[in-house]
Every structure is written in C-alpha cells, then in structure tokens.
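Take a look at the structure set out below.
The values are calculated or read from the model by the stated rules, or taken from the named source; none is laboratory data. This one's a predicted model, so the numbers in the text were calculated from it and none came from an experiment. Note: ideal-geometry Cβ built from the backbone for every residue, glycine included; neighbour counts use all protein chains shown. Accessible surface areas use protein heavy atoms only, side chains included; no ligands, DNA or RNA. Shrake-Rupley method; radii C 1.70, N 1.55, O 1.52, S 1.80 Å.
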Amino acid sequence: MICIPLMAETTEELLALMERATPRADALELRLDALREPDIEALLAARTTKIIVTNRRRDEGGFFRGPEGQRVALLCRAAGGADFIDVELKTAAPLLEQVRRFIGSSNGTTQLILSHHDMEETPSLEKLVSLANDAIKAGADIVKIVTTARKPEDNLTVLSVIGHVRRLGVPATAFCMGEAGRISRIAAPFLGAAITYASLSPGAESAPGQLTVDEIETIMRILR
C-alpha cells in the first residue's frame, strides 16, 4: 500500500492536496500536527480513498505544540471516519486506552497503527523487536517502526523487524529515515511491509530521506 503523507497549514490547503494526491496513492496520511485549526470532519467527508490520520509528537518528528490530552483528543475525533489512526507507542497508557476505546466503538471501520520513530539513531534489533512486541501487546492492528540510519547496516537491522512481526500474524512496516536509509524504503515493500510512504512531489517530504511517489513507482516497475 503506497501512502502519501500530506501536510498543510490550513484545512482548505489540505483538501486541495487530497484532491491532487488521491489518484496517485492507495492511502493518504493526514498530518493534523501541521494544521493550525484542523476541521477533521470536513477532511474525512472529502475522502475518496483510504485515510490514515496522525497527530505526530514533536519528539518523534511532528509539529504539535499543545498538551498531550488535546493531541490525542483530535485523533479520537477521527475514529469511525478514518481507516487508520496512527498513534505513538510511547503515548501515556491512559491516553492510549482512550484511543483504543474510540476505535473500538467504530465497529471495525478504523484500525490502530502503533508507531515508534527514533529521530537520532537505529537501536539494536533486540530493542526494536521489544518495541514491536510491546505494540502488539498494546493492540496494534499494524506495527510501525521507524529509525534513523547512521550507517548502511542500520537498514538491515530495521528491515528484520518486518519478518519478526509478520511471523506473529500482525502486519508491519519498518524502515529508516535519512539519506543512508533510502534503500530501506525501497526494500521494505518487497519484504512484506504493509505500508510504503512516499511524498507527492519533491520538497513535500514529511520525513528525511522520503522518496517521491514517482520514484517509488518507477523503482517498483523495474524491480518487479
């Protein structure tokens, strides 16, 4: 599943981006943390493809500046309208339970992505597997593990998480950020990653090292 993350300052700008990106993607990720005053209902009403809603924490590469309770409350408003809600695994347990409760009331229309983003490095495989296991225990429908590559072998470490999680019967995506991590974004879908993220155009990247949807599609055509 190719997902295009979209970031804008206003709901009107984000709606325009959704219209442009929809024909190019299997899913769109709406980054609420980049919006000044998100009109979640209007955004979900305009959807014509699968939607992931996230409200990224600043310590995991996001822009949200308010209190944690407010951040999570915005995500809960998307339950039932979005296909997926992506929330960080390190979110405080009571708030994470709040998200699970709202998703549970959606009668299966919304799934939970539990994610972890390391903006500094790639920890050991043992540490990443432990995080993935924690996400599964916490009720993840999809596990997402993202780190920063400092050396080429970091890509192999992160990509190994995909197979571990899939063997436990849970979909997963895992890759590295940064220039040194670009190869992991190419390899991940061939190793069974549930989601591949690509920007709509150059300069619209939501994370370091992200390829464009044109680049991803070209590479996949060649390798397949």
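Descriptive notes on the structure:
- Reported label for calculated Cα Rg over 2.2 N^0.38 Å given (1) 0.94; (2) 1.47; (3) 1.72: (1)
- Where Thr218, Thr110, Thr48, Thr157 fall by accessible area, highest first, once all protein chains stay in place (1.4 Å): Thr48, Thr218, Thr157, Thr110
- Computed from the Cβ-Cβ distance with R0 of 35 Å, the FRET efficiency linking Arg36 to Glu126 stands at 0.30.
- Accessible area of His164 in the full protein assembly, 1.4 Å probe (Å², nearest 10): 40
- Placing a pseudo-label 7 Å from each Cα along the Cα-to-Cβ vector at Ala92 and Arg65 gives an inter-label distance of 2.1 nm.
- Distance between the modelled labels on Glu153 and Arg47, one decimal in nanometres: 4.2 nm (7 Å Cα→Cβ projection).
- Candidate lysines for bridging to Lys151, where Cα separation is under 19 Å - those fewer than 8 sequence places away on the same chain excluded: Lys127
- Taking all protein chains as they are arranged and a probe of 1.4 Å, the heavy atoms of Glu37 leave approximately 150 Å² accessible to solvent.
- Computed over the chain: relative contact order in percent, which uses C-alpha pairs under 8 Å that are six or more apart: 16
- Sites Leu223 and Ala16 - FRET efficiency at Förster radius 30 Å, r taken between beta-carbons, to 0.05: 0.40
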